[in-house]
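Worksheet: one structure, shown below.
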Amino acid sequence: MNKLASFAPDYIRYVLKGSKQYYVWMGILALLSLIQLVAHYQQNTDGLIVTGMTSQIHDGLYFANLVFLVGVAAGAVTIVFPAYVHHNKAMHEVTVLGEMLAIASVVMVIIFVLLHMGRPDRLWHLIPYIGIFNFPNSVLGFDVVVLNVYLLLNIIGGFYFLYIRYSGGTINKKFYMPLIYISIVWALSIHTVTAFLISTLAARPMWFHSVMPIRFIVTAFAAGPCMIIIAFMIIRKNTKLWIQDEAINLLSLIVTWCLGIALFLTMSEVVVELYARTEHANGLYYLMFGLHGLTKLVPWFWGSLIAMVVAFVMFLNPNIRKNYKLLPIPCVLAFAGIWVEKGMGLVVPGFIPTPIGEVSEYYPSMLEILTSISVWAFGLFLVSVLWKGAIGILLGELKFGGAKPIGSAGSKKPAAYASK
Amino acid sequence: MAPEKIPNVAPAEDLACESPAQAASADPSGPDMTTSRRDFMKAGGMLSVSSLLGVGSLITMSEDANAAVEWAEHFQGNYRLMTQQEKAEARARLERRYSAEYGKRVVVDGTEAQEGVLMGYALNIRKCIGCRRCVKACVAENNQSRGPRPGESIEWIQVLRMERGGFAEEKMNHGYPEGLGIQVGGNAYTPAGQVLEGQYYYEPELVPEKDATYMPIACMQCEKPPCVKVCPVRTTYREPDGVVVIDYNWCIGCRMCMGACPYWARRLNVANPVLPKEEMNPVTHYLGNRPRMRGVVEKCHWCMQRSRQGRYPACVEVCPVGARKFGNLLDPESEVSLILARKNVFRLKAEMNTFPKFFYFYD
């Protein structure tokens with residue numbers, strides 16, 4: 001019990017300590033995080049009119065980020081799956097970092113949901129018993145359930161592991177392993193259900209096709225690991241935790257093939273829609289070439305497509321994939337490309353034209369853009385906190401009964417991390 | 001009883017019926033009004049603890065009465081699941097708030113669906129002249145927001161203007177690919193009879209225009225409404241008389257219903273609705289035209305405050321050419337039933353399987 005009581009204070013104390021660089025990084029993120037308070041206030045007094053959303057295009061930047069971040073959260077499973085299903089040792093050592101990333105991503109998703117809602121003060125209407133939960137009709141209802149359960153699974157799984165390592169106990173496999181396997185399947189479910197959220201809307205032909213869930217999953221398993229690879233490189237450079245090459249190589253291989261499948265699915269969609277060129281293809285046509293002279297998203301679509309193709313070609317080449325100086329380039333390209341393709345490039349054209357044929361465009365307001373940046377900053381802040389503590393525990397620097405310097409007697413495991 | 005429990009009502013009461021503008025839009029005189037007023041008294045008699053608390057705060061915080069009532073509104077349940085007493089309390093609470101806010105006696109009716117009535121609508125697309133009086137009458141009747149900023153002005157009916165179009169002899173050889181012998185397709189047309197590619201921001205001096213036809217669209221009150229299916233909190237649902245309604249106080253503003261509607265019938269209150277006091281129609285229904293709030297979705301409900309009292313919706317009443325017909329689908333002698341029996345009718349986007357109770361016909 002003593003151990004449990006001292007876990008949180010020790011964790012916080014450890015996270016509060018850091019280099020000057022660390023303080024600057026966290027300080028900037030903290031300041032940026034505060035911007036969103038303005039949006040929360042204005043949207044709940046003036047209304048969504050402070051955003052660029054209208055009755056025509058009523059999902060915008062917030063919803064786009066929400067969809068993308070569900071993907072990042074699900075993408076964390078690319079660490080957990082190889083670790084526990086393929087018994088990949090390099091991944092096994094850093095699984096908890098994936099779980100921490102999932103926690104931060106789902107928290108960001110929840111903030112974006114609150115920003116997206118017209119009446120966040122009525123969120124409790126969704127809670128069964130005190131509110132009404134439209135089960136099993138509403139896909140949004142399912143989405144709320146799977147996201148919250150995923151958050152819970154990762155908090156329990158991640159912090160159970162960290163606590164055991166912190167307190168020096170052994171992991172109860174009967175408790176921990178089912179949790180891991182459930183969370184692997186659950187990661188797929190969160191993104192599948194989020195895809196169903198829009199692909200079941202028959203009124204929006206741009207979204208109404210069955211390729212959506214698999215496309216969501218492959219783009220998630222490309223974008224998520226891209227972010228993780230870059231994060232791993234930063235961790236290797238700035239902390240004592242040495243993440244093995246094998247882990248990074250496996251992630252970049254996963255990105256390669258998921259990105260390839262994503263591009264293939266994009267191509268399939270373009271061919272199917274544009275060959276027949278029915279009215280139902282208007283949304284995609286708007287995205288690719290513009291409609292009735294409105295072309296705002298056209299450069300974004302082609303930019304994202306080029307970024308993804310270039311990234312894919314780079315990933316295919318093992319000389320680039322295994323060259324850690326060049327690897328961040330395709331990672332950033334793929335991440336940005338998917339952010340555009342799956343965010344604004346997917347959400348907005350669904351509303352253009354409207355079901356009765358009106359073509360209008362969506363201009364996110366400055367507040368909306370700043371707020372989205374602000375939520376991302378908060379997410380990075382959160383993941384920094386979670387990762388710093390987790391790395392401390394993995395290294396053995398954060399341990400019950402006081403920190404032990406790395407490599408000292410009695411902490412063989414952390415030494416093993418550091419030496420490889 | 002009413003005056004002591006509803007302090008704002010008494011002085012404002014005279015205002016309500018005398019404004020000619022309201023008489024034109026809502027006609028609060030006559031038997032309907034007395035019925036709802038009687039209901040209102042009944043509701044007052046059933047006030048219980050929670051509303052007494054509300055009244056208490058009204059007296060103590062009279063300078064900010066709205067805040068107190070809104071506070072109580074935050075904790076009410078879904079209207080469909082309330083007991084009769086809770087419904088009456090909720091309506092009485094709203095009547096107090098609206099009366100104070102708009103400076104006149106506002107009635108929030110709660111008349112339920114009648115046995116043996118299933119409402120239906122038919123529109124003679126041949127007759128419509130595109131004057132858009134229905135749009136204006138709808139806004140005046142149903143207390144939509146009418147502010148100057150984009151998004152603050154809400155209309156439930158859209159009248160699409162569609163080109164008559166046609167084919168031209170001089171273009172008959174304009175095929176593509178241009179200049180090659182074998183034509184894949186032609187360009188001899190200008191859009192003719194094209195549904196759902198029209199525009200509704202037209203401002204002609206005179207209607208009907210020679211080169212256009214018109215297609216009014218509003219909520220179709222589907223028998224299988226996709227909007228109801230996707231609602232996570234069941235705030236929008238089908239009433240037994242066939243109308244799809246929204247409990248504005250339960251809506252969380254997630255906008256799934258707007259994405260699901262194939263007819264673009266739903267609007268979001270992106271701002272606090274702008275509704276001038278003098279233009280506000282005080283004859284309202286809880287599930288109908290009562291003033292809405294920021295962040296919730298609204299749409300046509302076939303003027304529930306009228307149709308449940310045996311009157312026509314405002315758009316039907318105002319249509320100068322009699323293109324709009326409304327009635328009970330279960331009564332074989334009603335106009336709508338006769339149209340279904342005798343005319344060629346069609347439904348918009350029938351392939352969506354939404355089974356609208358809004359029919360188009362022509363003669």
(Q) With both bridge residues required to lie in the protein assembly as shown, what share of the DSSP beta bridges run antiparallel, to the nearest 5%? (A) 75
Q. Over what distance in Å are the Cα centres of the stretch B:127-175 and the stretch B:185-217 separated?
A. 9
**Q.** Packing-based order for A:331-340, A:130-139, B:215-224, using average beta carbon neighbours within 10 Å, highest first
**A.** A:331-340, B:215-224, A:130-139
Q: Please work out the Cα center distance from the stretch A:335-371 to the stretch A:202-221, rounded to the nearest Å.
A: 16
Q.
For peptide A:108-119, what's the mean number of Cβ atoms from other chains within 10 Å of each residue's Cβ?
A. 3
Q.
Could you work out the relative contact order of the stretch B:122-189? I mean the mean sequence separation of Cα pairs under 8 Å and 6+ apart, divided by the number of residues, in percent.
A. 22
**Q.** Partner chain coverage, peptide A:41-49 - average Cβ within 10 angstrom
**A.** 5
Q. If amide H atoms are built 1.01 Å from N in the plane of the peptide, which residues on other chains or at least 5 residues away come under 5 Å of the amide H of B:D109?
A. B:T284, B:H285, B:Y286
Q: Send over the Kirkwood Rh of the protein assembly as shown, from the inverse of the averaged 1/r over different Cα pairs, rounded to one decimal Å.
A: 29.3
Q | Between the stretch A:84-147 and the stretch B:290-317, the alpha-carbon center distance in angstrom | A | 37
Q. Which of the lysines could a cross-linker bridge to B:K210, judged by Cα under 27 Å and excluding same-chain residues fewer than eight apart?
A. B:K127, B:K136, B:K171, B:K325, B:K343, B:K349
Q.
List the Cys residues of chain A that have no partner Cys with a C-beta closer than 4.7 Å.
A. A:C258
Q: Could you order peptides B:281-294, A:196-209 by the average number of other Cβ atoms within 10 Å of their residues, highest first?
A: B:281-294, A:196-209
Q.
Show me the ranking of peptides A:46-53, A:313-320 by mean Cβ neighbours inside 10 Å, starting with the highest.
A. A:46-53, A:313-320
(Q) When a/c reaches 1.5 or more, the comparison of a/b and b/c decides; with that in mind, is the stretch B:162-206 rounded, prolate or oblate per its Cα gyration tensor? (A) prolate
Q) How well do other chains shield peptide B:289-297, expressed as the mean number of their Cβ atoms within 10 Å of each residue Cβ? A) 3
Q | Relative contact order computed over the stretch A:10-419 (Cα-Cα under 8 Å; 6+ residues apart), in percent | A | 27
Q) What lysines sit close enough to A:K174 to cross-link, taking a C-alpha to C-alpha distance under 29 Å and skipping anything fewer than 8 places away on the same chain? A) A:K3, A:K89, A:K388, A:K399, A:K412, A:K413
Q | Heavy-atom accessible surface that B and A bury in contact, both chains counted, 1.4 Å, Å² to 100 | A | 4000
Q) At q = 0.07 Å⁻¹, what base-10 log of I(q)/I(0) does the Debye formula yield for chain A when every alpha carbon is treated as an equal point scatterer in vacuo? A) -0.35
Q | Within the accessible area of chain A (1.4 Å probe), percent carbon and sulfur | A | 72
Q.
In whole Hz and in residue order, list the ³J(HN,Hα) couplings for the stretch A:224-231 that follow from phi through the Karplus curve 6.51 cos²θ - 1.76 cosθ + 1.60, θ = phi - 60°; x for Gly and Pro.
A. x, x, 4, 5, 5, 4, 4, 4
**Q.** Solvent exposure ordering (accessible area, 1.4 Å, most first) of A:K89, A:K296, B:K127, B:K104
**A.** A:K89, B:K127, A:K296, B:K104
Q | Heavy-atom accessible area per residue - the protein assembly as shown, 1.4 Å, Å² | A | 43
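The values are calculated or read from the model by the stated rules, or taken from the named source; none is laboratory data. These figures come from a predicted structure and were not determined experimentally. Positions of Cβ are generated from backbone atoms using ideal geometry, with glycine treated the same way; all protein chains shown enter the neighbour counts. Accessible surface areas use protein heavy atoms only, side chains included; no ligands, DNA or RNA. Shrake-Rupley method; radii C 1.70, N 1.55, O 1.52, S 1.80 Å.
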